[in-house]
Amino acid sequence: MPRSGAEARRRLQQAALELYRERGFDRTTTAEIAARAGLTERTFFRHFPDKREVLFDGEAGLRAALTQAIAAAPDGLQPLDLLLHAFRKVEHILEDNRPFAEPRLQVIAATPALRERDLAKAASIVEAVAEALRRRGVPARLAGLAAHTGWATFHQAAQAWIDDPAQSLDAHLLQAFDDLRTLCLTALAGDSGR
């Protein structure tokens with residue numbers, strides 16, 4: 001038996017991911033996950049409310065870390081720079097979870113109910129980020145737009161990092177935000193003729 005709650009959680013997550021990839025999410029039960037992990041189903045429910053949440057563990061921690069990083073960012077940063085600062089502060093969360101990330105995304109992509117849950121979790125993070133920006137004095141309309149745009153940029157960088165691990169997540173993140181700035185400048189240049 002695992003000596004710590006963290007070890008039991010990790011084993012349950014690994015077992016769930018293996019079973020979801022082998023049999024599919026819908027055909028896997030919590031009892032099977034617990035058995036594969038060498039634990040009881042009761043232990044499973046001590047750690048996760050349902051079999052979906054095994055794949056979304058850490059979302060609350062990421063949300064909290066992002067909002068804290070925005071609050072602690074240096075004064076004078078523009079909204080997108082605030083977000084880049086915050087995303088760079090939480091990179092370690094994704095890096096520490098890299099072995100779980102790629103197969104997790106594959107399982108989510110193959111399961112409509114999980115895609116829906118993923119979108120709901122992302123919306124929760126975006127709203128928390130927008131609220132953190134508003135607390136920093138960013139007008140509400142701009143805070144919402146920046147949060148959505150920043151999250152999409154972060155997501156693009158994370159996917160690029162999974163697809164191309166030769167570069168660090170930080171390098172992909174910096175590139176994605178540079179690309180966003182280029183896109184904004186291109187749009188501004190196009191508007192100059194109006």
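The values are calculated or read from the model by the stated rules, or taken from the named source; none is laboratory data. Just so it is clear, the model here is predicted, and its values are computed rather than measured. Heads up, the Cβs are rebuilt from the backbone with ideal geometry, glycines too, and the neighbour counts pull from every protein chain shown. SASA here: full protein model, heavy atoms, side chains in, ligands and nucleic acids out. Shrake-Rupley method; radii C 1.70, N 1.55, O 1.52, S 1.80 Å.
Quick check on my filter: what residues within region 89-106 are under 17 Å from L62 (Cα atoms), charged (D, E, K, R) and surrounded by fewer than 16 Cβ atoms within 10 Å (Cβ to Cβ)?
Matches in region 89-106: E95, D96, R98.
Can you find a residue that is within 29 Å of A130 (Cβ to Cβ) and out of contact with any helix residue (DSSP H, G or I) (no Cβ under 7 Å at 6 or more places or on another chain) anywhere in region 44-51? Talk me through it step by step, then tell me what you get.
Taking region 44-51 and keeping what is within 29 Å of A130 (Cβ to Cβ), we get 48-50.
Now narrow it down to the ones that are out of contact with any helix residue (DSSP H, G or I) (no Cβ under 7 Å at 6 or more places or on another chain): 49-50.
There is at least one residue in region 44-51 that is within 29 Å of A130 (Cβ to Cβ) and out of contact with any helix residue (DSSP H, G or I) (no Cβ under 7 Å at 6 or more places or on another chain).
If the requirement is being under 14 Å from the mean Cα position of the chain (by Cα) and at pLDDT below 90, which of these qualifies: L119, L66, L94? It would help to see each step written out before you state the result.
Working: L119 fails: at pLDDT below 90; L66 fails: at pLDDT below 90.
It is L94.
Which residue pairs have Cβ atoms closer than 8 Å, lie 6 or more positions apart in sequence or on different chains, and pair a first residue in region 13-32 that is touching a residue at least 60 places away in the same chain (Cβ under 8 Å) with a second residue that is part of a helix (DSSP H, G or I) and open to solvent by 70 Å² or more (accessible area, probe 1.4 Å)?
Sorted first by the residue in region 13-32, then by its partner, the pairs are R21/Q106.
Evaluate region 32-40: report whether one residue or more is acidic (D, E), modelled with pLDDT of 95 or more and either closer than 30 Å to R136 by Cβ or open to solvent by less than 70 Å² (accessible area, probe 1.4 Å) (or both).
The first filter runs over region 32-40 and keeps only residues acidic (D, E), leaving 32.
Then drop every residue that is not modelled with pLDDT of 95 or more, which leaves 32.
Okay, now just the ones that are also either closer than 30 Å to R136 by Cβ or open to solvent by less than 70 Å² (accessible area, probe 1.4 Å) (or both), so 32.
Yes, some residue in region 32-40 is acidic (D, E), modelled with pLDDT of 95 or more and either closer than 30 Å to R136 by Cβ or open to solvent by less than 70 Å² (accessible area, probe 1.4 Å) (or both).
Which residues, counting only those in region 60-88, are loosely packed, with under 14 Cβ neighbours inside 10 Å and not in a helix (DSSP H, G or I)?
Selection gives P74, D75, G76, Q78.
When region 135-145 is examined, which residues are found to be outside any loop (DSSP other than H, G, I, E, B) and open to solvent by less than 70 Å² (accessible area, probe 1.4 Å)? Step through it out loud before you land on a result.
Quick first cut of region 135-145, residues outside any loop (DSSP other than H, G, I, E, B) only: 135, 140-145.
Once the filter is applied, which keeps residues that are outside any loop (DSSP other than H, G, I, E, B) and open to solvent by less than 70 Å² (accessible area, probe 1.4 Å), region 135-145 yields A140, A143, G144.
Is it the case that some residue within region 107-121 is surrounded by 15 or more Cβ atoms within 10 Å (Cβ to Cβ) and of a type in the set (S, T, Y)? Steps first, answer last, please.
So in region 107-121, the residues surrounded by 15 or more Cβ atoms within 10 Å (Cβ to Cβ) come out as 107-108, 111, 114, 117-118, 121.
When the remaining residues are screened for being of a type in the set (S, T, Y), the result is 111.
Checked against the condition, which is being surrounded by 15 or more Cβ atoms within 10 Å (Cβ to Cβ) and of a type in the set (S, T, Y), region 107-121 yields at least one hit.
Test E102 against the criterion of being under 23 Å from K51 (Cβ atoms), touching a residue at least 12 places away in the same chain (Cβ under 8 Å) and of a type in the set (D, E), and give yes or no.
Working: under 23 Å from K51 (Cβ atoms): yes; touching a residue at least 12 places away in the same chain (Cβ under 8 Å): yes; of a type in the set (D, E): yes.
Yes; evaluated as a whole, the condition is true for this residue.
Checking K51 against (1) open to solvent by 30 Å² or more (accessible area, probe 1.4 Å); (2) not in a loop (DSSP other than H, G, I, E, B), only one condition comes out false. Which one?
Evaluating K51 over (1) open to solvent by 30 Å² or more (accessible area, probe 1.4 Å); (2) not in a loop (DSSP other than H, G, I, E, B) leaves (2) as the failure.
State yes or no: is A166 outside any helix (DSSP H, G or I), loosely packed, with under 12 Cβ neighbours inside 10 Å, out of contact with any helix residue (DSSP H, G or I) (no Cβ under 9 Å at 6 or more places or on another chain) and not charged (D, E, K, R)?
Values: outside any helix (DSSP H, G or I): yes; loosely packed, with under 12 Cβ neighbours inside 10 Å: yes; out of contact with any helix residue (DSSP H, G or I) (no Cβ under 9 Å at 6 or more places or on another chain): yes; not charged (D, E, K, R): yes.
Against the criterion (outside any helix (DSSP H, G or I), loosely packed, with under 12 Cβ neighbours inside 10 Å, out of contact with any helix residue (DSSP H, G or I) (no Cβ under 9 Å at 6 or more places or on another chain) and not charged (D, E, K, R)), A166 qualifies.
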